[in-house]
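First up is the structure itself, then whatever we jot down about it.
The values are calculated or read from the model by the stated rules, or taken from the named source; none is laboratory data. Because the structure is predicted, anything quoted here is derived from the model rather than measured. Cβ coordinates were reconstructed from backbone atoms using ideal geometry, including for glycine residues, and neighbour counts include every protein chain displayed.
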C-alpha cells in the first residue's frame, strides 16, 4: 500500500512538472531553414490592428457610466498580449534569425542592414509605448514603420 501511494505521488509530481513548464512559442533557432517572412509581416500587422482595437475599446469603456472594470481590464490585457507578441516576432524571428550582421566595408549591404535594425528597433519602441498608453499616434507609427520595413526588406534590385 505504501509503495502504491509513493507511485501515485511520483506520477502526480511528474504530471505537474509537465504542466508547469513553459512552452517555447517562437519559431526555432536550429536553423531549420523554414522561414515565412511574409507571414510574420502579416502577423505583425494583425497585432497592430488588434492593439488599435483594444485601445479604442479601452477609451470607449472608460467613458461609459457605470465603468465596467472587468471589460476594461480584459482589453488592457489584450493590448499587452498583442504588443508582446509583436515584440516577440520582431526580436525572436527577425533580429535573431533573419537580419544577418554585415561588415561595414560592404557599404550598400551595411546601409540596408542598419536601416533594418533601425526600423525593427522602432517597432519595439512603439509597441512598448502602445502598452503604456491609449494614444493612437503609436498605432500610426507602428503602421508606418512596418510598411517601411516591409518595403525595405523585400526590395529587390533590378
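Which pairs do you get when a residue that is within 21 Å of residue 148 (Cβ to Cβ), found in region 100-112, comes within reach of a residue that is part of a helix (DSSP H, G or I), reach meaning Cβ atoms under 6 angstrom, with the pair 6+ apart or on two chains? From region 100-112, the pairs are 102/109; 102/110; 102/113.
Looking only at residues in region 113-132 that are touching a residue at least 24 places away in the same chain (Cβ under 8 Å) and farther than 15 Å from residue 95 by Cα, the one that is surrounded by the fewest Cβ atoms within 10 Å (Cβ to Cβ) is 128.
Residue 100 meets the conditions (1) buried (at least 16 other Cβ atoms within 10 Å of the Cβ); (2) closer than 24 Å to residue 154 by Cα in every case but one. The failed one is (1). Among the residues of region 35-46, at least one is modelled with pLDDT under 95 and not in a helix (DSSP H, G or I). Take the conditions (1) at pLDDT below 95; (2) part of a loop (DSSP other than H, G, I, E, B); residue 97 misses just one of them, which is (2). Flag: residue 87 does not match the condition of being in contact with a helix residue (DSSP H, G or I) (Cβ under 6 Å, 6 or more places away or on another chain), surrounded by fewer than 16 Cβ atoms within 10 Å (Cβ to Cβ), modelled with pLDDT of 95 or more and assigned to a helix (DSSP H, G or I).
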